[in-house]
There are 2 protein chains.
Amino acid sequence: IPTAGVVGLLPMVTYFFLVVAMYAFLGNFLFALLSRTSVSPKHKSTQALTTIIAAVAGISYFLIQSYYRDMLAELATLADADNRQTLMRESYNAIGQYRYMDWAVTTPLLLLKMVSFLRVKLHEIKRPLAIMLLADFFMILTGYIGEQQVGFDNEVLAGPKLIWGAVSTVGYIIIPFTLYKLWKQYADRALPKEQQAYRLMALTTVTFWGVYPIGYILTVFAIDTNWIHITFSIADLINKVGVGLVAYWAGRETVKYAP
Amino acid sequence: IPTAGVVGLLPMVTYFFLVVAMYAFLGNFLFALLSRTSVSPKHKSTQALTTIIAAVAGISYFLIQSYYRDMLAELATLADADNRQTLMRESYNAIGQYRYMDWAVTTPLLLLKMVSFLRVKLHEIKRPLAIMLLADFFMILTGYIGEQQVGFDNEVLAGPKLIWGAVSTVGYIIIPFTLYKLWKQYADRALPKEQQAYRLMALTTVTFWGVYPIGYILTVFAIDTNWIHITFSIADLINKVGVGLVAYWAGRETVKYAP
Ligand SMILES: CC1=C(/C=C/C(C)=C/C=C/C(C)=C/C=O)C(C)(C)CCC1
Ligand SMILES: CC1=C(/C=C/C(C)=C/C=C/C(C)=C/C=O)C(C)(C)CCC1
């Protein structure tokens, strides 16, 4: 593995964050697995969702950091700073795509986890839930297609990429609207702690989830893509590990009002 | 890893679905494992079947996506569109065969899972069950042999392939007939929720299972085989994860009428 002496500091710090995120998801996975029995019975399946999300994210980061390391090795063979920047930008499109495959599975599960704090039976909200999950998958798939709008040398095709991004945003908008509708309709069934957890988690879909479309747009400009890797890694930790901890605490606080 | 700029969009979307399916089976595996204790005692072994099916499918998709990625790398070295199409068609026969090895184990388990909702002792239905499982294995093995009817350059030999397909179909037809016979004979022993689950699951053998023979036939024509990969991945998710969730819900609903 190269070091900053050869490839520069920022790529090494990026690599650091990618490996740290992988370890954090491993920890998240084990914690969710081992703390299953500390939450109220109703929230055991919530813990199962956290376990699955952490496992998928962990494997995804394993792949991402390993391709990133291969890229670093190639980077070390390039002497010219311009060539290096080109390699990093172009490899970003290849490496970044692994995030979308992760999201295709983990974002629907994150939404299910949020909804599980409302104490509604899933068949009561079949329609809005199905629409939200489909909108979410649509958002990820069209975003992936947009990410693939690159030329033969992996240069981003700005026009098509932004159009696909706009298409994807249609799916995105449906998510917070549906969560808000469900909140207004069913909030009073939940315990105060559960309401608080739902509010906090649903809020991330309009705050920390917003980091991803911003990063998507920034790739169109001449930004150093390592910054996007670092930001996405931190956002992933908040959206997955952070939300997982909120769910755990709320699940533990409600133990005394079982089930 | 290549991107659409080099190999085109459809192969990349195919790769996306293969990796997403792999993650989904990992999630399915963990969920079935962690929710064992939430179903009625009688259906614990059903959850075990779901766990096994998901594990085999997950490993199978790991292999398929990794061979597919190697194929993409080779695709990136070909400049001519015709040559690319040829490589994809020819590699399909090599990569697609891994599905049959998965099916040889998972389809008998899927059938056992369905039957487990009828509340019959297995030795009561020894004969029809054995015939159905043998017919199923016969269907997969002869289908695999049919899939191997290719020339030295991996070109499909249409005639022999279709003949083996017809042979395989004989095994296929036995499956829904047996399931229907068992239903008529034993349905009244099952709880309403179990009847509903059985009906839903047995119906997939004549609906979503039908996708596979159609895909088999289509390989004989000049179709882009990536569409078959995508369709099979979605069908696999419905037939394995979807049916697994149906079994889970039915198993959970019957907890109050234990065992
Ligand atoms: C709107 C939009 C997007 C939204 C992505 C989101 C919202 C991703 C969320 C990911 C999460 C929550 C990961 C979990 O850790 C894309 C696909 C970038 C494409 C451009 C338009
Ligand atoms: C009839 C027929 C076939 C049937 C295949 C089936 C029915 C496969 C089912 C697979 C399942 C259910 C997988 C689980 O996810 C073959 C072998 C393609 C060969 C052509 C004739």
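The values are calculated or read from the model by the stated rules, or taken from the named source; none is laboratory data. Predicted, not measured: the structure shown is a model, and the values here were computed from it. Here the Cβ positions follow ideal geometry from the backbone for every residue, glycine too, while neighbour counts run over all protein chains shown. Accessible surface is based on the protein model in full, side chains and every heavy atom, while ligands, DNA and RNA are left aside. Shrake-Rupley method; radii C 1.70, N 1.55, O 1.52, S 1.80 Å.
Just a few scattered comments:
- Residue check, A:Y216 touching an Asp or Glu at 6+ places or on another chain (Cβ under 8 Å), within 16 Å of ligand 1 (Cβ to nearest atom) and either at pLDDT 95 or above or more than 14 Å from chain B (Cβ to nearest Cβ) (or both): yes
- Any hit, segment B:154-162, residues being closer than 24 Å to B:T207 by Cα, open to solvent by 10 Å² or more (accessible area, probe 1.4 Å) and touching a residue at least 12 places away in the same chain (Cβ under 8 Å): yes
- Residue in segment B:38-55 that is more than 9 Å from every other protein chain (Cβ to nearest Cβ) and over 30 Å from B:V120 (Cα atoms) present: no
- Pairs meeting the criteria (first residue in segment B:61-90 and in contact (Cβ under 8 Å) with a residue 60 or more places away in the chain and of a type in the set (G, A, S), second residue assigned to a helix (DSSP H, G or I) and buried (at least 18 other Cβ atoms within 10 Å of the Cβ), beta carbons under 8 Å, at least 6 apart or on different chains) are B:A76/B:V6; B:A76/B:V7.
- Residue match in segment B:28-37 (condition: open to solvent by less than 30 Å² (accessible area, probe 1.4 Å), over 18 Å from B:T106 (Cα atoms), facing another protein chain (nearest Cβ under 9 Å) and within 20 Å of the chain's Cα centre (by Cα)): no
- Filtering A:Y98, A:Y68, A:Y61, A:Y144 for residues that are hydroxyl-bearing (S, T, Y), in contact with a His (Cβ under 8 Å, 6 or more places away or on another chain) and either part of a helix (DSSP H, G or I) or within 27 Å of A:G210 (Cα to Cα) (or both) leaves a single hit, A:Y68.
- So B:T51, is it open to solvent by less than 20 Å² (accessible area, probe 1.4 Å), away from ligand 1 (no atom under 16 Å from the Cβ) and either part of a loop (DSSP other than H, G, I, E, B) or in contact with a Lys or Arg (Cβ under 7 Å, 6 or more places away or on another chain) (or both): no
A quick yes/no check of all residues on (1) more than 16 Å from ligand 2 (Cβ to nearest atom); (2) more than 16 Å from B:A222 (Cβ to Cβ); (3) open to solvent by less than 10 Å² (accessible area, probe 1.4 Å):
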{"site": "B:N83", "(1), (2), (3)": "yes, no, no"}
{"site": "B:L87", "(1), (2), (3)": "yes, no, no"}
{"site": "B:V105", "(1), (2), (3)": "no, yes, no"}
{"site": "B:L109", "(1), (2), (3)": "no, yes, no"}
{"site": "B:L112", "(1), (2), (3)": "no, yes, no"}
{"site": "B:F117", "(1), (2), (3)": "yes, yes, yes"}
{"site": "B:V120", "(1), (2), (3)": "yes, yes, no"}
{"site": "B:I125", "(1), (2), (3)": "yes, yes, yes"}
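- Considering segment A:190-259, the qualifying helices (runs of 4 or more DSSP H), each wholly inside and each with 1 or more residues that are over 26 Å from A:T178 (Cβ atoms) and open to solvent by 10 Å² or more (accessible area, probe 1.4 Å), run over A:211-218, A:225-236, A:243-253.
- Residue count for segment A:56-67, restricted to those that are surrounded by fewer than 24 Cβ atoms within 10 Å (Cβ to Cβ) and at the interface with another protein chain (Cβ under 8 Å from one of its Cβ atoms): 2
- Test: residue in segment B:129-138 that is of a type in the set (F, W, Y) and either touching a residue at least 60 places away in the same chain (Cβ under 8 Å) or not in a helix (DSSP H, G or I) (or both): no
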